[in-house]
Ligand SMILES: [Zn+2]
């Protein structure tokens, strides 16, 4: 039960070889791309939303819907704001520390948008690492999760992206990222299973290679919170 979610990355994807080139090339995750992207085109979203309303048989000119296209445009600009950010910058400011035990930030709440249905998924991420002389502020770890979440996403890729970034930018000896989320595309459409949670994990470095290190960080992640 404890080792299951971690030995499999839960994604159906092959284990990463430590390079995230395949991930970085996918649309919506062009991390490190220094090209300035165009700002969000609100007017274009508004036209598209109006079209959708007509297509489903609504009257976009009735009172309740008049402001909807503009509202949706502002919402998309917000929920996809991560597309215009490079989360790596949060890992550029590190502190030299001789601390060589696990650092774990649990229960990082996030909101994201499933790229298959453009419906929200949300939940919590747990990010842990074993430093190799460099530590980063805890709030930065939360920012990375937040910015990676705020783009059209799939949970598996998001989990791997956070782990790859922590490993590469921080030079951590090991990284574990676990994400648990509820997907609206599961609960409000299709199979309509409310309450189901999707769990994904990505394991790097010493936590992949060393069973006792892995067991240690897993028990920390799984341990109940103090209230
Ligand atoms: Zn979906």
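Tabulated data
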{"item": "Filter result for residue 108 (crowded, with 16+ Cβ neighbours inside 10 Å, away from the ligand (no atom under 16 Å from the Cβ) and assigned to a strand (DSSP E or B))", "result": "yes"}
{"item": "Some residue of the range 81-104 being within 16 Å of the ligand (Cβ to nearest atom) and modelled with pLDDT of 95 or more", "result": "no"}
{"item": "Some residue of the range 193-208 being free of Cβ contacts under 8 Å to residues at least 12 places away in the same chain and within 30 Å of residue 39 (Cβ to Cβ)", "result": "no"}
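The values are calculated or read from the model by the stated rules, or taken from the named source; none is laboratory data. Keep in mind the model is a prediction, meaning the values are calculated, not measured. Every residue, glycine among them, receives a Cβ derived from its backbone with ideal geometry; neighbour counts consider all protein chains shown.
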